[in-house]
Each structure stands twice: as C-alpha cells, then as structure tokens.
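The values are calculated or read from the model by the stated rules, or taken from the named source; none is laboratory data. Everything numeric in this text was worked out from a predicted model, so none of it was measured. So basically every Cβ, Gly included, is an ideal-geometry build from the backbone, and we count neighbours across all protein chains shown.
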Amino acid sequence: MRRTRLTRLALGEAGASPWRNWPLALGVALGVACLVYFLSLASGVEELLRKRVVGSLPNRIKVQPSSFSVGPLALQSSINQTTVDKLRALPGVTAAYRQARLPQPCQLYASYGGQSVVTDMIVEGVDPGLVSSQVASGRSFAPTPSEPYTAVFPLAAVEIVNAGISIHTGLPTLTPEAIVGRHFELLVGTSSFSPGQSVRRRCVIVGVSDQIAVSGPALPLEVVEQWEGKPLTYYSVTLEVDTPERVEAVAAAVEELGLVTPGLEMARRIATGVIWARIALVGFAAAILLIAGVGISTGLSLQVREEARFIGLYRAVGATQNDIRWIYLARAGALGLVGSLAGLLLGLVGGYLTQWAVAHFGPSGVLLNDRLFAPTALILVSGLSFGVLGCLLAGAYPARQAARLSPVEALRTG
C-alpha cells in the first residue's frame, strides 16, 4: 500500500476512535516548551554575564598583574612599559591598550534631570584605541590641549545608577544616548575623605564603554599623565587579538609572563556553570517527555487491542507487517510533531514574555540593548527533533505489537 494512503488511515480512517490520543501531545508540548524556554534563557544569561565580565568585543583580553601572599603580606606585581612591549610582541596580538588610575583624589560635579550630583570618583586614563569603537558617532576621544576634555563613561556605572540610585532619587533612567554630549566637572586634588587644594577640570562625555572600570570616567591617558606630571603605573592592559579563535593561545602566553586574565578566567567559570545547568535542564525536559512517551505508548497499545479487527481486515486484503507498523508509527510521529510545534510556540511566547517582564518591571535599564532570552536555530531544531524522536520511540513497541498480529487471530479477537 502507498505511504500516503497508510498515513491517512493512521490519522483518521482506521479504527473506532483514532483521535483519542491527541491530548497526549500536551505532554510532549510541555517537555519541548521547557527545553526551548530554559535552554534559550541559559543562552541569553550566559551571553549577558560574559559581556558584563569580558565586554562585548570577543577578540580582546584584559591583562592584570598577578597577586601573591607572603605570610600576612599581600603583594602585587606591576605593569610597566617594558611589560607592555612584551605583550605587544606576542603572536596574534595586534594592539595593547594601557589603563592607569590618577593617584590624586577627585570629585565629580554634574546635573541631570534637574538635580545636582556630587560624588567622589576615581579617574583613569586609557589609550584612545581601547574605547574608539564605542565613541558616539561624530565625536572623538582624542586628547585635547584645553577644556572641555573628552571623557568616556563606564557602562557598568550607568547600569548601577539605573538599578538603584535612580529609583531612590527620582532621577530619570540613564541611557548612552541620553548622557553623550553632557558636561561635568572634576575637582582634581580633593574628595570627601581627603579634602585639599583642587583644580577644576571641565569634561564632556563622548561615549559609553564596557571596556573601562566602574570606578569612574576615563580620559585619554596622555591627558591624565599631564595632570599628574609624570608617567603612571598601569593597572591593566587590554590586548586586541587578530581573531577570537586565538584568544586562548594568547592568554596562555600571557600567563607565562606571570600575568593574569581575570575576565577570561571568570568567563570560563560561567561557561562551565552554564554547561552543567544545560545538562540539568535537558534532563528535566527529558523526564517530562519520558512520562509523555509512556502515556503515548500505553494509549497506542490500547488502540492496537481495540482495532485488532481492522488490522486483521487490512492484513487479509494484502497489507504487510511493515504497512501496519507504518500506521502506528505515523500516529506516534504525528503526535510528536503536533506536540513539538505547540511546545516551540509555548516556549518562545513564555521566553519573550519573561524578557519583556524583566525589562519593564525589573531594575531600570538592567538589560539595556541585551537579550535575556536568546533562542537559536540549534535550540529550536533540537526541541523539535527531541519531541518527534521521543514519540517515535514511544510508538515503536505498539507498532511492533500491531504488526505481529496474524490476520486470523486479529479477526477472531475483533
């Protein structure tokens, strides 16, 4: 018999009540929905955490001095220009961007949303190439000989303000677009904890970057060294690698120089944790599909007994064992396909609703332009395949049961 004819028999023409098992597809839908929802959520959270730790540029490595203890003393090495030159000479490294903190205390004065803001800040100087890709269009981060000095604000500081300070002060939510072009003043030489003579410096924000520390605004390194009157000690160097694939090799070479890559190490821990979380989530979804599969197998086995007379008639008019097996496998596959498609839709709707709820009811600006829910083609295809294959496996035993019925015994039973 033709497969199309057998499929029509499987889906509606064979037996007394072939549609009674369709509610069993709800279990498949729930399992696939959990798989798609949780794996996509894990993917989004991993990407979000990775960006917060190592930044949005995957071909960069932040290098810092190593620290060690001798008894009660905590010691730390430093990075000088000789070390920077060694890092620039590593294979695969195309640039090395220095970061240094201004040793003098500073206070920041600004106004936003009709309110004045005064806070102690740590000012740092960076090589312009570190943040050039995140400077607003039409603006420059090049050193300027006079005021206003160009400055870049840390993205993490914007998120902290949105997550806590704005809620309790009535300040509007900050966005990169809202603060670019705004001016602020730095009082260099004084702070709340160390008052003293100060010099007032006027600055303008030209960008927001995830490549600088949360401690305060960053200015061109040349400008900060001019304020200090001498070269600064670098607390961090960011290496730009020619391709993201060479990052691990460069990191190994950095460690041989006695330096550390804390962001990359934290990213590895996050990736490991997410892997174990994914394994647990797949196991949870598999357990739901297993329960649904047992129900489908039981329901199809019951149909085999109820439809024994029809099976006998089909066999008597020439249907083979493979034809009978196909009828029940087609039913199981149809249940899996319908349930999997419904599960994909349910998982996607649930995921995007979660992202919307976090963006609108969670801490202000916590996501900015990032995604909390990140479904991929691999996750969607895996969910669909998982549900269909699970149902086919569940239908294998009833299909084999039906195929092994002899026509005489089947007609006698009916």
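Quick check on my filter: what residues within the range 205-232 are closer than 18 Å to His183 by Cα and not hydroxyl-bearing (Ser, Thr, Tyr)?
Correct list: Ile205, Val206, Gly207, Val208, Gly216, Pro217, Ala218, Leu219, Pro220, Val223, Val224.
Go through (1) assigned by TED's automatic domain parsing to the domain that holds Gln321; (2) at pLDDT below 60 for Glu46 and report which single condition fails.
(2)
Check Ala218 against each of (1) over 19 Å from Val118 (Cα atoms); (2) touching a strand residue (DSSP E or B) at 6+ places or on another chain (Cβ under 8 Å) and name the one condition it does not meet.
Unmet for Ala218, out of (1) over 19 Å from Val118 (Cα atoms); (2) touching a strand residue (DSSP E or B) at 6+ places or on another chain (Cβ under 8 Å): (1).
Can you report the number of residues in the range 185-234 which are exposed (fewer than 15 other Cβ atoms within 10 Å of the Cβ) and β-branched (Val, Ile, Thr)?
Of the residues in that region, 3 qualify.
State whether the residues of the range 271-289 include one that is on the phi < 0 side of the Ramachandran plot, touching a Lys or Arg at 6+ places or on another chain (Cβ under 8 Å) and either surrounded by 18 or more Cβ atoms within 10 Å (Cβ to Cβ) or not in a helix (DSSP H, G or I) (or both).
no
Could you identify the single residue in Gly339, Gly343, Gly293, Gly299 that is of a type outside the set (A, V, I, L, M, F, W, C), assigned by TED's automatic domain parsing to the domain that holds Val388 and over 28 Å from Leu378 (Cβ atoms)?
The unique qualifying residue is Gly299.
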